Amino acid sequence: MPPKKVKRVVFVGRFQPFHRGHLSVIEYLLSKFDQVLVVIGSSDKFRTPENPFTVGERHAMVKATLDDLKVKPDKFKVVPLPDIDDDEKWPKHVIKICPEFEAVAITDNSRVEGLFRKFTKKKIIKTKKKYAISATNVREEIGKGSDLQKYLPQPVIAFLQKIGAARKIIDIEEEANAEEVEE
């Protein structure tokens, strides 16, 4: 008897940082698919105000959270996805980088949805984040040293404290502001 085909879904995000909204989508997808491919977009971008964390740091946040929830390692795979600046080629870039998958989970990103609808035949799964959280706002709160409990899973908070994320975000912002002044 041939092995059972694994039903996979792709969930693309930058996860800058990985927050409760992202987690709620992954928990939903884990209940519907054999495996969730957590695709870390802009994996080649880091140490900028929009992308302060490296792909390794983002991978660590996802893995620590799912490990803490006792999600079996075969139920998810983290896949780094470097940017390409060609909308027409981008969906096929995702398909090429990832193991074979059946569907793409879309939250509130109409651009990603439109690109997959236009350039592939992949099934689109519309999901809603249980929490309306903006990663941009979370990054601001991290830089302020705010309490992050309502935004982030505990393993992410612990990881960010370990790497000194608040100081990193402040340094990145100061550096970006200094570059703007120089121009």
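Throughout, read-outs are computed from the coordinates displayed, never taken from laboratory work. For clarity, every value in this text was computed on a predicted model and none was experimentally measured. Quick reminder, even Gly has a Cβ in these numbers, built from the backbone with ideal geometry, and neighbours come from all protein chains shown.
If you compute Cα Rg over 2.2 N^0.38 Å for the structure shown, which of [x] 1.38; [y] 1.07; [z] 1.01 do you land on?
Given [x] 1.38; [y] 1.07; [z] 1.01, the structure-derived one carries the label [y].
Apply the Karplus parameterisation 6.51 cos²θ - 1.76 cosθ + 1.60, with θ equal to phi minus 60°, to every residue of the stretch 123-132 and state each ³J(HN,Hα) to the nearest whole Hz, in sequence, with x for glycine and proline.
With the stated coefficients, the stretch 123-132 comes to 5, 9, 10, 7, 10, 10, 6, 5, 10, 7 Hz.
Please compute the length gained on full extension between Glu175 and Glu50, using 0.36 nm multiplied by the number of residues separating them and subtracting their Cα-Cα distance.
Here the segment from Glu175 to Glu50 would lengthen by 43.7 nm.
Can you give the FRET efficiency for Arg167 and Asp68, using 1/(1 + (r/R0)^6), R0 = 22 Å, r = Cβ-Cβ distance, to the nearest 0.05?
0.35
For Lys150 and Lys92, calculate 0.36 nm times their separation in residues minus their Cα-Cα distance, and state this gained length in nm to one decimal.
Value of the extension gain: 17.3 nm.
Which order do Glu102, Glu180 fall in if you start with the one that has the fewest other Cβ atoms within 10 Å?
Values: Glu102 15, Glu180 8.
Fewest-to-most ranking of Glu102, Glu180: Glu180, Glu102.
Which value in deg cm²/dmol, rounded to the nearest 500, describes the helix-derived mean residue ellipticity at 222 nm for the chain, given -39,500 (n - 2.57) per DSSP H run of n ≥ 4 and division by the residue count? Intermediate results must be reported in sequence, preceding the final value.
On the way: 7 runs with 82 residues, N = 183.
About -14000 deg cm²/dmol.
Grab the beta carbon distance between Asn137 and Glu113, set R0 = 22 Å, and tell me the FRET efficiency rounded to 0.05.
According to the calculation, E is roughly 0.45.
Quick check: convex hull of the Cα atoms in the stretch 134-183, volume per residue, rounded to a whole Å³?
That works out to 68 Å³ per residue.
Among the chymotrypsin sites (Phe, Trp or Tyr not before Pro) in the stretch 63-147, which ones are in a DSSP loop with at most 14 other Cβ atoms within 10 Å of the Cβ? Mind listing them? It would help to have the intermediate numbers written out before the result.
On the way: sites: Phe76, Phe101, Phe116, Phe119, Tyr131; in loops: Phe101, Tyr131.
Those satisfying the criteria are Tyr131.
Within the stretch 21-54, what residues put their amide N at less than 15 Å from the label point 7 Å along the Cα-to-Cβ vector of Glu102?
Correct set: 29-37.
For the stretch 1-57 and the stretch 85-102, compute the distance between their C-alpha centroids and round to whole Å.
Centre-to-centre distance over Cα atoms comes out at 14 Å.
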